[in-house]
Amino acid sequence: MTIRAKLASLASAFAAASITLPAHAHEDGGSGWSQLNMTQGVTDISRKIYDLHMLIFWVCVIIAVIVFGVMIYSIISFRKSRGAIPDITLVHNTKVEAVWTTVPVIILIAMAVPAAKTLVEIEDTTKTELTIKVTGFQWGWQYDYLDDGVAFYSHLDRKSNKARELLSGIDPNSVEHYLLNVDHPLVVPVDTKVRLLVTGADVIHSWWVPDFGVKKDAIPGFVNEAWFRVDADKAGLYRGQCAELCGRDHGFMPIVVDARSKADFAAWLKNTAAQQKQTAQAADTTASLSAPASAH
Amino acid sequence: MADELAHAAAHDDDHDHKPHGWRRWVYATNHKDIGTMYLIFACTMFFIGGGAAMLIRLELFQPGLQFFDPQFFNSLTTMHALIMIFGAIMPAWTGLANWMIPMQVGAPDMALPRLNNFSFWILPFAFTLLLSSFFVPGGAPAGGWTMYPPLVLQTGSSFPMLIFAVHLMGASSILGAINVVVTIMNMRAPGMTLLRMPMFVWTWLITAYLLIAVMPVLAGAVTMLLTDHFFGTTFFTAAGGGDPVMFQHIFWFFGHPEVYILILPAFGIVSEIIPTFSRKPLFGYEAMVYAVASIAFLSFIVWAHHMFTVGMPLAAQLFFMLSTMLIAVPTGVKVFNWTATMWKGSLSFEPPMLFALAFLFLFSIGGFSGLMLAMVPADYQYQDTYFVVAHFHYVLVPGSIFGIMAGVYYWLPKWTGNMYDLKLATWHFWLSAIFVNVLFFPQHFLGLAGMPRRIPDYAVQFTDWNMVSSIGGFAFGLSQLLFPYIIWKCARGGVRVGNKAWEGAHGLEWELPSPAPYHSWTTAPSDAVIARGAAH
Amino acid sequence: MSNAPDSSSYYIPHDSPWPIRGSVALFCIMIGAVAYLNEWTGLWSFAPGAVLLAYLLFGWFSTVIGESQRGTFNNQVDHSFRMGMMWFIFSEVMFFAAFFGALFYARMLSVPWLGGQGVKVFTNFVLWPGFEALWPTNGPGHVGGRADSTFGIIPAIGIPALNTMILLTSGLTVTLAHHALRAGQRGKLTLFLGLTFLLGFTFVGFQAHEYGEAYRQLGLRLSTGIYGSTFFMLTGFHGLHVTIGAIMLLVIWLRVLRGHFTPEKHFAFEAVAWYWHFVDVVWLGLFIFVYWL
Ligand code: HEA
Ligand code: HEA
Ligand code: CUA
Ligand SMILES: [Cu+2]
């Protein structure tokens, strides 16, 4: 049966995917063919999500094998061309029907329990240690470290931006992290519960970093909360993209998070805060100097 | 008996002042003529919407922008979906309802023939309005078929065209649905009790209720978009006390029942075809009816599973997760009953059966991925990726579209009186069934690997599977050219068939001659005939 | 249920020109509306469509009324019409449900959230500090209203209460008219039916007056934040339905004067009466949720 063969090969591809995937596929997922499954990510939550995903996946595979198995068996054995005689008395059977109604209910409840547990954990936004306001706009992100007076914009990096023009003549393969690189990444400390306050400036965007298991819509006029805690030993760059259609350049507003050790992060924050204060003061003076001049 | 009827009907046909020329179509009140127009319209829209899909796949064949401006790409995606859903699948269902319901319940025609004509003729105008939006300043709508504000409010001059086109499509669907309900509830032959009705009639009855309940809600939602855009209301603006997410709630209150509107009649058709080609009655007929009713009921309380990432309260997320998962139970009942119907049957594999079987396997795969999407934490990773695109194409293409094709191949001999080219149709089947998987299966991988949907260009690690998907898409698209060709050829002539085109077929439509007389049952079928047909 | 002893005589009209004219009329109107809203041309571009629509309504209904008077419709056809009308009214109910849904959402979710209640504390804290969730409101941005962005509201006691009385009375008179029709008392029928549409038009008159006041003095407009939006959309669509219903009542009344309808068969009368009751019930919802609570 072609259907069976195809299904078998697809299932094995899928299964292979789940086994061969490296434990953490952050920083560049490797070549396309090997990218078959969800990332396990670098947070406790992202791993729990991955486990849930695999659990429901295997449950579906098992059910599929059973149900498709019966179908394929019927297709093969009850063929008219093989002289099969239909048993027209077989029109209903309360017992069997009761079983195949209740068994799925039980399976589903069994699935819902771990999902609900994880969800409750995800929704627990208490005891965060650092709060960053994230504002999506057309087309980029603004990050605002509310307690530390640091704020900056994050756009698609120059190289990608040039290459992505219509008929730019630049081979995307020659651009490092094509479409997944930004000028100013979000910098966060590892092993810290970071709270994001996500909002939108114009239309709805969605802040998504697969490795963190976080996707939250940025709704203009409202603030959504999300959080993540990167494993202590998983400092590195993590990439994501806007995940809600937001107009022309929706495909071109990536997210890059630079997770650093706590000490590195503290240093960076101090530095940046000082720098931003300086530039702000400079801007203030130029503004106050130029203001009366322009009044003429 | 049947011969007698045939004679009477044919006789009737000659003397019946059947209109000729353009009036027959433009002024049509006959259910078959109107059904034909619906089906031709749907087929045309399928090719236009499919054309847009081909352009999408062309741009996505490799990374970098080769053909289209991103804005135009978004228009293609938006229009592709609107055309396929409102222009191809829904009119195809109404066309099949028009053709088959009067024949299957023993009625001469639809209950409200003039209204029937009205609901059809609104459609070409609605789509003229929608399609001409490609040519106005700002281009065609590009905010996705879901039309979320505030983005959709940035649409250019085509904005009111989109809104009014949706209003017209909605009006057409509501009128069409009312006609179906009235026909089924009021036009059944005496003896055709509710629980003797064929499954196609049952599924359409429930679909019609869904349509009447949710199309007006969509109309209300887009009306609010219109006033927010032009008249300063703030339904979807926080500054005025509204909320962009409010639109999503109203939209999906329509949108989720809508996806069952797109699939339930396919369930009905499959429930007719599998018994026919298994030469065995449908297993668990009553359970099938109740399952469809439960699916319809549940479809009203699951809508927010499309919105898990918008920041809903925890309790709401849990509720919508549970209710969504529950839908798998009645759907499972259906799948199991179809399987049990084949069990100990005597199966043969003509094209309608092939399509129905592919439906069984591939719709289930789409259903499984739907179940995965229902798990809220996992959906945080799936949402707005190609995993979702893969899910809904599995339920829509090998689901709804294969359902339509199965239905057409099943009833085409009844409509034309000729058998179509079975060999060619079998080719059509195998090409479709293989390439639809090449087209959509890799999209699961893309989504899991992190490729967002609705993007014209992507990171290079997504290249390989996109290429596979595009190749599958082109091959699938080309294979579809066979479909209208086979139908056209069959309409022109072929081997004549008797009343009963398929050996195992049951139901009133097979008691009528082929081709069926102009007015299906001018005299109500006798109880004996009905009972014979109702052996499901 | 299936009652088809006379199924063979079910009336199936032949080639009708009306639906296509209706579609063309709708198309013209919508093209006109698109052109107007996009500021390509003025309002006059509706005109051809509107004229065609009026002609269509007149023509289509004349045809059907003619058929009805000639006794073309058997009971089964009559039954089809009734069911059709019922489900049409149900679809209208769902249309209103969308706007009621918006009202409830605003009052129970979005406005409280903007005011910092429930799960969205940071919304208020970060974006709209100082905004307090009260109803009525024009939102944290104080959208629309008078020059100082305040606005007044129309109290339930007053014209709305009076209008409630008017509509309830009209519901009663239409029922009385129906009884009279069934009892064959044509004089009483004419009187009560006449009263009904007069009450209907009176309602619309009061409503128009109320709107004028709201716009001129209260600063309450369609653009006055979420309160203005929900208020005018709900009452506006309702008012539109009352107007249509009153016109239909008038038409029915004229037909009564011409001697149409028998005690046994009067589908058009019943359809309009149902429609009128529907309009009535929607108003009760409005009165409670928009004006009163
Ligand atoms: C025909 C259309 C159709 C159908 C039938 C379905 C059926 C289902 N859909 Fe799907 N869906 C869509 C069309 C459809 N969907 C569309 C168009 C979108 C995207 C819209 C957009 O954003 O543009 C979407 C999106 C969508 C989402 C949102 C994803 C996201 O955006 O993040 C979710 C989430 O829960 C979902 C779930 C489901 C479920 C649980 C079913 C269930 O009904 C499936 C039930 C079937 C089965 C489960 C298989 C058979 C059952 C058995 C063999 C029994 C045993 C099984 C078990 C016990 C596991 N769908
Ligand atoms: C309702 C039914 C329906 C159907 C039948 C289809 C059919 C197809 N869909 Fe579509 N699709 C949707 C509903 C549907 N889709 C929806 C709701 C969306 C979401 C939109 C949104 O995000 O807002 C979507 C989005 C969508 C996307 C994602 C776009 C994006 O996110 O940017 C893609 C990408 O591959 C796609 C592809 C296809 C393809 C290749 C087919 C094929 O099956 C089409 C096959 C048919 C033909 C090809 C036509 C016939 C043949 C010819 C015209 C001959 C010429 C052929 C060649 C030149 C090769 N669809
Ligand atoms: Cu921002 Cu998509
Ligand atoms: Cu859904």
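We did not get these values from a lab; they are worked out from the coordinates using the rules stated. Given the structure is predicted, the values throughout are model-derived calculations rather than measurements. Don't worry about glycine lacking a Cβ; one is built from the backbone with ideal geometry, like all the others, and counts go over all protein chains shown.
Convert 4 °C to kelvin, take the viscosity as 1.567 mPa s, use the Kirkwood radius over C-alpha pairs of chain B as Rh, and evaluate the Stokes-Einstein diffusion coefficient in µm²/s, rounded to a whole number.
The calculation lands on 54 µm²/s.
Could you list the residues of the stretch A:172-188 with an amide nitrogen less than 17 Å from a label point located 7 Å from the Cα of A:N271 in the Cα-to-C-beta direction?
In the stretch A:172-188, the label zone of A:N271 (backbone N under 17 Å from the point 7 Å along Cα→Cβ) covers A:183-188.
With all pairs of different alpha carbon atoms counted, what Kirkwood hydrodynamic radius in Å does the stretch A:62-189 show?
Taking every pair of different Cα atoms in the stretch A:62-189, averaging 1/r and inverting gives 22.0 Å.
Taking a quarter of the surface of the convex hull around the Cα atoms of chain C, what do you get in nm²?
Over all viewing directions, chain C projects a mean Cα-hull area of 20.0 nm².
Over chain C, what is the relative contact order in percent, taking alpha-carbon pairs closer than 8 angstrom and at least six residues apart?
Averaging sequence separation for qualifying contacts and normalising by length gives 17 percent for chain C.
For the stretch A:130-282, give the share of DSSP beta bridges that are antiparallel, in percent and rounded to the nearest 5; count only bridges with both residues there.
Of all bridge pairs located within the stretch A:130-282, approximately 70 percent are antiparallel.
Please find the FRET efficiency linking A:T126 to B:A316, where r is the Cβ-Cβ separation and R0 is fixed at 22 Å, and quote it to the nearest 0.05.
Efficiency at R0 = 22 Å is approximately 0.65.
When a/c is below 1.5 the answer is rounded, else prolate if a/b is larger than b/c, else oblate, so apply that to the stretch A:26-122 with a ≥ b ≥ c taken from the square roots of the Cα gyration tensor eigenvalues.
oblate
How big is the stretch B:95-171 on each of its three principal axes, counting only the C-alpha atoms and giving the largest first in Å?
51, 21, 15
Other chains' Cβ within 10 Å of B:217-228 residues: what's the mean?
4
Number of Lys pairs in chain B with C-alpha atoms less than 14 angstrom apart, excluding same-chain neighbours closer than eight positions?
Lysine pairs, 8 or more places apart or on different chains, close enough: 5.
For the protein assembly as shown, state the average projected area of the convex hull of the C-alpha atoms over all orientations, rounded to one decimal in nm².
The number I arrive at for the protein assembly as shown is 46.5 nm².
Quick one: if you stick a label point 7 Å off each Cα along the C-beta vector at C:L284 and A:Y73, how many nm between them?
Inter-label distance under the simple model: 5.9 nm.
Considering the alpha-carbon set of the stretch A:217-291 alone, what are its Rg and its Dmax in angstrom?
17.8, 51
For the stretch C:173-293, what are the per-bin percents of Cα-Cα distances with bins 5 Å wide, up to the bin holding the maximum?
With a bin width of 5 Å, the distribution comes to 2, 11, 19, 20, 14, 11, 9, 7, 4, 2, 0.
By count of other Cβ within 10 Å, fewest leading, how are C:Y36, C:Y275 ordered?
The fewest-first ordering by Cβ neighbours comes to C:Y36, C:Y275.
Order by neighbour count: C:F99, C:F261, fewest other Cβ atoms within 10 Å first, most last.
Exposure proxy ranking, most exposed first: C:F261, C:F99.
Taking the inverse of the average 1/r across all pairs of different Cα atoms in the stretch A:130-282, what Kirkwood radius in Å do you get?
Its Kirkwood hydrodynamic radius stands at 16.0 Å.
Using the beta-carbon distance between B:Q66 and B:S132 and R0 = 30 Å, what value does 1/(1 + (r/R0)^6) give for FRET efficiency, to the nearest 0.05?
With a Förster radius of 30 Å, E is 0.65.
Whole angstrom only: what separates the Cα centroid of the stretch B:383-421 from the Cα centroid of the stretch C:266-293?
For the stretch B:383-421 versus the stretch C:266-293, the Cα centre distance is 43 Å.
So the label point goes 7 Å from the Cα of C:F61 along Cα→C-beta, right? Which residues of the stretch C:187-203 then have their backbone N under 18 Å from it?
C:190, C:193-202
Can you give the relative contact order of chain A as a percent, counting alpha carbon pairs under 8 Å and 6+ residues apart?
It rounds to 17 percent for chain A.
Of C:A208, C:A50, C:A268, which has the largest mean-square fluctuation in a 10 Å C-alpha GNM of chain C?
In the Gaussian network model the winner is C:A50.
Under 8 Å for C-alpha pairs, at least 6 residues apart: give me the relative contact order for the stretch C:83-134, rounded to a whole percent.
Rounded, it is 24 percent for the stretch C:83-134.
Cα axis of helix A:2-20 to longest principal axis of chain A: angle in degrees, 0 to 90, nearest 10?
40 degrees
Dividing the alpha-carbon radius of gyration of the stretch B:176-274 by 2.2 N^0.38 Å (N being the number of residues), what value is obtained?
Dividing the Cα radius of gyration by 2.2 N^0.38 Å gives 1.47.
Counting pairs of Cα atoms in the stretch C:1-72, how many percent are more than 19 Å apart?
For the stretch C:1-72, the fraction of Cα-Cα distances above 19 Å is 53 percent.
For an R0 of 35 angstrom, estimate the FRET efficiency from the Cβ-Cβ distance between C:A50 and C:Y11 and round to the nearest 0.05.
Calculated transfer efficiency: 0.70.
Please average, across the residues of C:18-29, the number of beta carbons from any other chain that are within 10 Å of each residue's own beta carbon, and give a whole number.
6
Could you list B:V181, A:V214 so that the one with the fewest beta carbons within 10 Å of its beta carbon is first and the one with the most is last?
Ranking B:V181, A:V214 by Cβ neighbours within 10 Å, fewest first, gives B:V181, A:V214.
Compactness ratio of the stretch C:35-87: Cα Rg over 2.2 N^0.38 Å, N = residue count?
1.77
Grab the Cα-Cα distance for C:I153 and C:I244, subtract it from 0.36 nm times how many residues apart they are, and report the gain in nm with one decimal.
Roughly 30.1 nm would be gained on extension.
For A:251-260, what's the mean count of beta carbons from other chains sitting within 10 Å of each residue's beta carbon?
Rounded to a whole number, the mean comes out at 2.
Quick check on packing: order B:92-102, A:114-124, B:465-475 by the mean number of other C-beta atoms within 10 Å, highest mean leading.
So the order, starting with the most tightly packed, is B:92-102, B:465-475, A:114-124.
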